[in-house]
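Just below is one structure, and these are the notes that go with it.
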Amino acid sequence: MIRKIARSILITSMIGTFGITAFNFHALWRNPTATLLVERATEDVAARIEKQLSTHVTQESIETRIAELLDEQPRNWLVIKAVEEVAADQDIFIGTELQTKRDIADNDDNGVLAFTGKCAACAWNPARCDLSAVVICRVPVDLTPIGDVVGVVRESKHYVFGEEVDMFELGLSAVGLGAVVLVPLTGGTSATVKIGASMAKTAKRMGRISDPLLRLLRRTFTGAIDRDIIAKSSFGSYFADVRRAINPDAIKPALMVVDDLGSIRTSVGIPHTLHLMKNIDTPSDARAIARVADVTGDRTVGVFEVLGKSRVFRSTMRYSDEIIAGIVGVFGFFATLLGLFGSLLGSLSIRILRFFAKL
């Protein structure tokens with residue numbers, strides 16, 4: 001009698017867990033807003049990253065990374081110093097031999113004469129810009145509205161004369177000029193949109209923007225901007241005509257990326273943002289880095305260098321409640337199925353033993 005009751009409970013539990021699991025996965029499939037992963041809360045992101053640092057960052061890993069960076073040509077001192085800052089936060093100190101090698105390289109690369117040469121090269125050719133020199137040598141030109149006006153005028157001329165139009169340059173210049181009108185689409189501010197557009201242009205000139213992101217922005221701008229309106233605009237009406245030429249709905253994906261770039265720049269500064277842009281291939285990448293930068297601030301570059309892109313990005317996401325409920329339901333279903341199978345097996349074993357006992 002007791003076995004029958006237990007078996008009935010197990011069968012009921014199995015049917016119930018199967019039904020709940022099926023319902024959760026069906027709801028997930030039918031709900032277009034439901035996703036496998038969702039963003040962690042800001043405080044969870046901070047805690048997760050600190051746990052990753054304490055788990056994966058060791059003296060050996062720090063020394064290995066610094067040695068690799070010192071062997072690169074040209075050396076990226078922004079990254080070297082960022083890794084050193086993370087090491088200091090974790091109370092890790094590099095060995096004397098490596099420290100001596102690092103100091104000698106620093107003196108060779110960052111003396112007064114060496115820096116003057118870097119700045120001259122940077123001002124002449126942005127592709128040769130050292131990230132430590134970019135603020136002094138390029139920003140006065142690149143991160144101002146003047147650059148947006150020049151970009152619109154130049155690409156409009158190309159369009160009028162039937163020449164190839166760089167939609168990346170035209171699109172970002174148009175976004176910079178029309179930021180006040182476009183900003184409601186992002187929920188940010190006109191300042192972050194303007195800064196983000198300028199950051200993207202500077203990154204392209206320096207060769208620091210990924211090919212997937214470059215293609216995405218060009219494709220978006222091509223479908224979102226009416227070049228005829230801009231080409232026919234006069235100097236005095238550029239601002240109004242640029243805003244009229246932009247399709248707000250079509251440009252939104254690019255605008256979200258630009259706004260996130262502006263947020264990253266606010267959190268970590270210009271050189272660090274330009275370095276981090278190599279990690280951005282999609283709008284979700286830009287969003288993830290903006291959230292991490294908001295938490296880790298000046299340590300962001302170092303965090304990416306010592307943990308890697310995949311670990312950092314995983315720290316910003318978690319499984320959605322629907323997926324968790326579905327997984328729990330699957331385990332519950334198989335657990336009750338196993339219990340039912342065990343009950344049947346036990347009952348069968350007892351009957352076999354009774355049979356042999358009667359012989």
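A few remarks follow.
- The lone criterion from (1) without any contact (Cβ under 8 Å) to a residue 60 or more places away in the chain; (2) under 18 Å from V193 (Cα atoms); (3) of a type in the set (A, V, I, L, M, F, W, C) left unmet by L261 is number (1).
- Residue list for the range 46-60, filter: under 15 Å from Q99 (Cα atoms) and within 24 Å of the chain's Cα centre (by Cα): none
- Among (1) surrounded by 15 or more Cβ atoms within 10 Å (Cβ to Cβ); (2) assigned to a helix (DSSP H, G or I); (3) at pLDDT below 85 - the single one I251 does not satisfy: (3)
- Contacts under 6 angstrom Cβ, first residue in the range 286-302 being more than 17 Å from M199 (Cβ to Cβ) and in contact (Cβ under 8 Å) with a residue 60 or more places away in the chain, partner of a type in the set (G, A, S) and in a helix (DSSP H, G or I), 6 or more apart: V295/A46; G302/A82
- Consider the range 236-247 and keep the residues that are in contact (Cβ under 8 Å) with a residue 12 or more places away in the chain and more than 17 Å from K194 (Cβ to Cβ). The one that is surrounded by the fewest Cβ atoms within 10 Å (Cβ to Cβ) is N247.
- Looking across R291, R243, R287, one residue alone is under 17 Å from F168 (Cα atoms) and either in contact with a strand residue (DSSP E or B) (Cβ under 9 Å, 6 or more places away or on another chain) or assigned by TED's automatic domain parsing to the domain that holds S198 (or both). It is R243.
- Verdict on R265 being basic (K, R), part of a helix (DSSP H, G or I) and under 28 Å from the mean Cα position of the chain (by Cα): yes
The values are calculated or read from the model by the stated rules, or taken from the named source; none is laboratory data. Everything numeric here is computed off the predicted structure, so don't read it as measured data. In this analysis, Cβ positions are derived from the backbone assuming ideal geometry, glycine residues included, and neighbour counts consider all displayed protein chains.
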